[in-house]
1. Would you mind checking the pairs 69/214; 69/193; 147/193; 192/237; 151/193; 25/170 and listing those with alpha carbons more than 25 angstrom apart?
2. Between residue 139 and residue 126, what length in nm is gained on full extension when 0.36 nm per residue of separation is reduced by their alpha carbon distance?
3. State which entries of 143/225; 24/98; 56/224 exceed 31 angstrom in Cα-Cα distance in the structure shown.
4. Of all accessible surface on the chain at a 1.4 Å probe, what whole percent is carbon and sulfur?
5. Pick from 248, 140, 128 the residue whose mean-square fluctuation is largest in a GNM of the chain, springs joining Cα atoms under 10 Å.
6. What Rg and what Dmax come out for the chain when only alpha-carbon atoms are used, in angstroms?
7. Starting with the highest mean, order 271-281, 163-173 by the number of other Cβ atoms within 10 Å, averaged over the residues of each peptide.
8. What is the distance, in nm, between label points placed 7 Å from the Cα along the Cα-to-Cβ direction at residue 168 and at residue 291?
Amino acid sequence: MGGGGSTEQTVLQTPWRTVHWGKKKDELEWLESFRPQSDNVKHLRVLLCGPAGSGKSSFINSVDSICQKRITGPADANNAQEADPELAKTAGHSYTLKYKTHRIQKGKSGQYYPFVFNDVMGLEPTNGILLEDITLAMKGYVKDNYKFDPKTPLDDSNDCYINNPTSNDKAHILVFVLAVDINHVADPLMFKKMTEIRLAARDLDIPQIAILTKIDEKSCDLVKKDLKNVYSSTNIKNAMEKLSNTVGFPLNCIFPLKNYHGEIELNDEMDMLILSALRKILDLANDRVNASGVAVANQTANNVNRT
Ligand SMILES: Nc1nc2c(ncn2[C@@H]2O[C@H](COP(=O)(O)OP(=O)(O)O)[C@@H](O)[C@H]2O)c(=O)[nH]1
Ligand SMILES: [Mg+2]
């Protein structure tokens with residue numbers, strides 16, 4: 001280990017995870033040819049959850065920007081929290097209150113990538129999205145434009161309740177979005193909520209990964225200077241290990257990255273980190289679709305054998 005005197009500057013001599021920095025073109029080609037593994041599913045649904053301000057909307061915007069090859073902003077990202085925390089509190093902690101499906105345009109207008117994102121109201125220890133509502137979203141019962149209520153869960157009397165969700169309505173993967181300082185995990189109530197959500201996803205056989213945003217922020221000077229240092233930074237490694245040891249994500253399901261937020265042009269290093277997280281997300285979601293396809297096929301075969 002080398003680096004400057006402070007822990008912040010500690011640097012591993014060899015990055016502990018390999019990123020093929022020069023291979024953005026290959027990643028984009030992979031994405032371009034990506035298809036869900038089941039004909040029953042039109043698109044894979046990626047459900048994002050995490051504390052308000054962790055970068056969920058910015059992640060959707062970042063993926064959209066990479067796919068459109070220019071900086072875009074379809075999902076409302078919110079700066080108010082940083083500009084004025086008090087104002088953000090009175091306005092409600094979470095800027096994203098409505099359930100919304102974000103599609104990513106592919107080439108010509110009217111064509112889309114075969115995956116969509118849903119960004120839900122922020123997770124908060126006492127007043128954010130309810131466990132019941134995240135579970136309903138995972139199961140596909142929540143219609144677009146449903147306005148989450150932190151006091152009462154959605155029920156079947158509401159117009160935004162989908163009575164018979166199809167495979168396209170269900171979430172195929174749950175992505176926890178957390179800022180790299182992972183302060184939230186230290187809050188026992190937040191920890192409890194995250195664990196409950198993870199268990200609910202596990203019971204539904206929905207795979208989960210975590211992305212750690214804001215790796216450029218002040219806690220990581222080394223990485224701020226050059227994103228290629230991401231896997232040489234002990235700060236980031238420690239944050240990933242802490243998240244793995246506490247909340248229980250396997251280390252290979254945790255992806256640090258920087259979202260687009262102030263840039264006006266794309267950046268290859270940012271893109272590579274976002275694309276490698278996206279690839280893992282889509283691969284795991286596809287495995288899930290494949291497994292449920294096999295389960296349905298087996299069930300059908302069993303039923304046929306019984307008749
Ligand atoms: N420095 C930095 N800021 C980010 C990053 N991701 C998001 N932000 C900023 O964090 C704030 C909250 O982001 P937002 O996407 O609205 O969070 P959400 O509430 O989880 O949807 C906004 O000001 C974003 O510009 C990142 O990777 N680095
Ligand atoms: Mg948001």
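The values are calculated or read from the model by the stated rules, or taken from the named source; none is laboratory data. Small disclaimer: the values here were computed from a predicted structure and weren't measured. Neighbour counts are summed over all protein chains in view; Cβ atoms, including those assigned to glycine, are modelled from backbone coordinates with ideal geometry. For accessibility, only protein heavy atoms count, side chains too; no ligands or nucleic acids. Shrake-Rupley method; radii C 1.70, N 1.55, O 1.52, S 1.80 Å.
1. 69/193; 25/170
2. Here the segment from residue 139 to residue 126 would lengthen by 2.4 nm.
3. The pairs that break the limit, which is 31 Å between Cα atoms, are 143/225; 24/98.
4. After summing per-atom areas, the C and S share lands at 48 percent.
5. Looking only at 248, 140, 128, the biggest GNM fluctuation is shown by 248.
6. Computed over the Cα atoms of the chain, radius of gyration and Dmax are 19.6, 73 Å.
7. My ranking of the peptides, most packed first, is 271-281, 163-173.
8. 2.5
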